[in-house]
Amino acid sequence: MTAGSPSPDHRPSTVFSDAAASDYDDRVPRLVPGYALAHDLMAATFASLLPADARLLLAGCGTGNELLRLAAGGPRWRFSALDPSAGMLAVARRKAQGAGCESRVAFHATTLDQMPAGLHDAAVAALVLHFIPDDGGKAAFLSALAQRLRAGGALVLLDYEPVPLLARAYGQWLQATGLERTAVDAVLAKTGTQWHPVTDTRLRALLLESGFEPPRLIFKALGFQAWLAFRPVEPAA
Ligand SMILES: C[S@@+](CC[C@H](N)C(=O)[O-])C[C@H]1O[C@@H](n2cnc3c(N)ncnc32)[C@H](O)[C@@H]1O
């Protein structure tokens with residue numbers, strides 16, 4: 001996973017470049033253990049929770065991999081799919097057209113904070129939060145998600161946790177997917193330089209601070225993990 005360099009139009013440096021979009025779908029399953037399984041579990045979790053006509057917000061939808069999996073799992077679900085990378089969003093749109101679900105998707109070429117207000121039943125932020133520094137940026141991103149969810153709405157967050165023992169196993173797994181040792185070392189170095197991962201304890205605190213209930217783990221693979229967290233249900237008046 002490669003975030004683009006800071007761009008002349010002052011987009012955040014977390015935004016993926018058009019070049020990154022061109023081979024993202026080849027790279028990502030070899031970089032993220034259990035990538036497809038995480039989507040399957042996300043879809044199963046939402047299918048158990050959401051109404052047939054649910055509205056879902058996909059923040060940082062990239063090339064649309066979770067979009068396509070969720071659109072297949074909920075044939076009447078509608079989506080707000082946003083990504084500030086025009087290149088990534090163009091691939092997502094093309095794939096949605098191919099899968100015949102484009103009419104159920106509103107695409108937004110924007111960051112989450114610029115997204116128009118509007119409440120959703122559920123939200124996904126997959127592989128985005130670890131790019132955002134924990135200097136108020138993560139809390140702002142999670143709060144922006146909370147503000148776009150109805151009371152009782154559900155968030156699935158796919159994120160990376162820095163555990164040295166798991167990082168070494170992650171390196172072994174990367175090598176087993178066919179990556180050269182130098183490329184493996186480059187990925188591992190990036191987790192410490194370009195990524196801003198936080199511990200489970202810190203992530204829980206951030207979610208609580210941002211307006212979510214305590215999260216539950218629904219997937220974990222060598223540091224990559226998916227959390228389910230709800231907005232509190234408002235007390236009856
Ligand atoms: C690693 S990709 C993940 C794509 C997809 N969710 C997946 O799991 O394959 C991260 C995406 O987040 C987008 N992104 C970066 N900063 C963002 C922000 N502040 N708000 C929304 N999306 C952002 C990037 O442009 C990129 O497409």
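Some points to look at:
- Residue 113 falls short on exactly one of the conditions (1) modelled with pLDDT of 95 or more; (2) out of contact with any Lys or Arg (no Cβ under 9 Å at 6 or more places or on another chain); (3) not aliphatic (A, V, I, L, M), and that condition is (1).
- Total residues in segment 54-88, condition open to solvent by 20 Å² or more (accessible area, probe 1.4 Å), under 20 Å from residue 41 (Cβ atoms) and away from the ligand (no atom under 11 Å from the Cβ): 3
- Counting only strands (runs of 3 or more DSSP E) that sit wholly inside segment 89-207, those with at least 2 residues that are crowded, with 18+ Cβ neighbours inside 10 Å and out of contact with any helix residue (DSSP H, G or I) (no Cβ under 7 Å at 6 or more places or on another chain) are 120-126, 149-160.
- In segment 39-46 there is at least one residue matching the filter, namely being over 14 Å from the mean Cα position of the chain (by Cα), surrounded by fewer than 13 Cβ atoms within 10 Å (Cβ to Cβ) and at pLDDT 95 or above.
The values are calculated or read from the model by the stated rules, or taken from the named source; none is laboratory data. Please read these numbers as outputs of a predicted model, since none were measured by experiment. Neighbour counts run over all protein chains shown; Cβ positions are idealised from the backbone, glycine included. Accessible surface areas use protein heavy atoms only, side chains included; no ligands, DNA or RNA. Shrake-Rupley method; radii C 1.70, N 1.55, O 1.52, S 1.80 Å.
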